[in-house]
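A quick write-up on the structure given underneath.
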Amino acid sequence: MVALGYTMVYGILQLINFAHGDVLMVGAMVGATVVMLLAPFGLPGPVLLLAAVAAAVPVCVLLSLFVERVAYRPLRNAPRLAPLITAIGVSIVIQTVAMIIWKPNPIVFPDLLPTDPVHVFGALLAPKQILILAVSTSMMAALMLLVNRTRLGRAMRATAENPRIAGLMGVNANLVIAATFAIGAALAAVAGVLVAMNYNIAQFSMGFIPGLKAFTAAVLGGIGNIPGAVLGGLLLGVIESLGAGYIGDLTGGFLGSHYQDIFAFVVLIVVLVFRPSGLMGERVADRA
C-alpha cells in the first residue's frame with residue numbers, strides 16, 4: 001500500500017517522495033493516540049480500530065497536501081536533485097516534529113482483535129493478519145478501479161503522460177497532483193494503523209524502514225507502474241519471509257532471522273543493476 005503512494009507520485013511528477021514513509025508513521029501515531037484516548041470508555045476493539053483509521057486518514061491527507069503545496073510545488077520545474085533533497089529534508093522535519101509531539105518513547109498499540117489463531121489451509125493466522133490481507137487487497141483493488149475506470153483516473157494518466165498537453169485538454173494538473181498526494185497519504189495512513197496494530201507499537205522513527213522497503217517494492221515492480229508496485233510488494237514480502245527462514249542455514253548460523261531486512265536492499269541493488277525498469281517496466285512517458 002505504501003509502495004502505491006511512491007509509484008503514483010513518481011508516475012506523475014517523476015519525484016521520489018522519501019517523506020512518504022513518515023506519513024505512514026504519522027498515521028500510526030495518530031491512530032495509537034486515538035485508541036489510548038478512547039480505550040477507557042470501554043468501546044469494542046473493532047470500533048476503536050475504525051476510530052483510529054478515521055482519525056489517521058484526514059490528518060495524513062492534510063499533512064501530505066501541505067507538504068506538496070509548500071515543499072514540492074515551488075520546485076516542480078527545478079532540476080531533479082532539488083526536490084529529491086527537499087524530500088529527504090521534509091522526512092527529517094516530520095520525524096523531528098513527531099518526536100516533539102509524541103516524545104521519543106514508543107506508544108503501545110493494544111490488541112483490538114481476538115488473538116486466537118485461525119486455521120487457513122493448514123496455516124495459522126492471527127485475526128489481525130487476516131484483516132491486514134483483506135484491507136490491503138480491497139484498497140489496492142479500489143485504487144485500480146479508480147485509476148482505470150473514473151474521470152479522475154483518466155486525468156491522472158493524462159497528467160502522467162504530459163501535464164502541459166493535459167492542461168490544454170482542460171485537465172487541472174495542480175488539482176490532479178494534489179489528489180494523487182491525498183490518495184497516497186490515505187493509503188499510507190491506513191497502512192500505518194495496520195502496521196502499529198500488527199506489531200503493537202508506534203514510534204516516531206518507525207516509518208524509515210517501511211518507507212525504504214516500499215520504495216524497493218516500487219522499483220522491483222517498475223516505478224510508476226501501479227500493478228508493478230503490487231507485484232513488487234508481494235514478491236518482496238515472500239523474499240523476506242523465505243530469507244528469514246533460511247538465512248541461518250545459508251550462512252552457517254552466522255546471520256539470524258533478525259537480519260531479514262537486508263534482503264530488501266539486496267533486491268534493490270540487484271534490480272537496479274540488472275533491470276532498472278523493474279519487472280513490469282516503468283510507465284513514465286518521455287516528456288518534450
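The values are calculated or read from the model by the stated rules, or taken from the named source; none is laboratory data. What you are looking at is a predicted structure, and each value in this text was computed from that prediction instead of being measured. Ideal geometry is used to build each Cβ from the backbone, glycine not excepted, and the neighbour counts take in all protein chains shown. Each accessible area value is taken on the protein alone, full model and side chains, heavy atoms only, with ligands, DNA and RNA left out. Shrake-Rupley method; radii C 1.70, N 1.55, O 1.52, S 1.80 Å.
Quick one: net charge of Leu15's neighbours, Cβ under 13 Å, K/R +1, D/E -1? Local net charge: +2.
Ser277 contributes about 40 Å² of solvent-accessible surface, heavy atoms of the protein only, 1.4 Å probe.
As a ratio to 2.2 N^0.38 Å, the alpha-carbon radius of gyration for the stretch 160-282 is 1.30.
Against the chain, whose longest principal axis is taken from its Cα atoms, helix 208-221 shows a tilt of about 60°.
Summarising the amide proton neighbourhood of Ile201: residues at separation of 5 or more, or on other chains, whose placed amide H is nearer than 5 Å comprise Phe109. Average accessible surface for the chain: 51 Å² per residue, computed with a 1.4 Å probe over protein heavy atoms with every protein chain in place. Of the chymotrypsin sites (Phe, Trp or Tyr not before Pro) found in the stretch 204-281, those that fall in a DSSP loop while having at most 15 other beta-carbon atoms within 10 Å are Phe254. Rolled with a 1.4 Å probe across the full set of protein chains, the surface gives Asp111 an accessible area near 80 Å². The protection proxy used here, the mean number of other Cβ atoms lying within 10 Å of each residue, ranks peptides 230-240, 100-110 as follows, highest first: 230-240, 100-110. Sorted from greatest to least, the principal axis extents spanned by the alpha carbons of the chain come out as 57, 51, 37 Å.
Could you work out the local net charge near Val90, counting Lys and Arg as +1, Asp and Glu as -1, over the other residues with Cβ closer than 11 Å to its Cβ?
Surrounding charge for Val90 is -2.
Remark: relative contact order (the chain) = 31 percent; criterion is Cα-Cα distance under 8 angstrom and separation of 6 or more residues.
Kirkwood-type hydrodynamic radius, the stretch 1-153: 17.8 Å, calculated from all non-identical alpha-carbon pairs. For the chain, give the percent of accessible area contributed by carbon and sulfur heavy atoms, probe 1.4 Å, rounded to a whole number. Here it works out to 70 percent.
Mean residue ellipticity, 222 nm, helices only, the chain: the sum of -39500 (n - 2.57) across DSSP H runs of n ≥ 4, divided by residue count and rounded to 500, is -23000 deg cm²/dmol. Express in whole angstrom the spacing between the alpha-carbon centres of the stretch 198-270 and the stretch 90-131. Spelled out, the Cα-based centre of one part sits 17 Å from the other.
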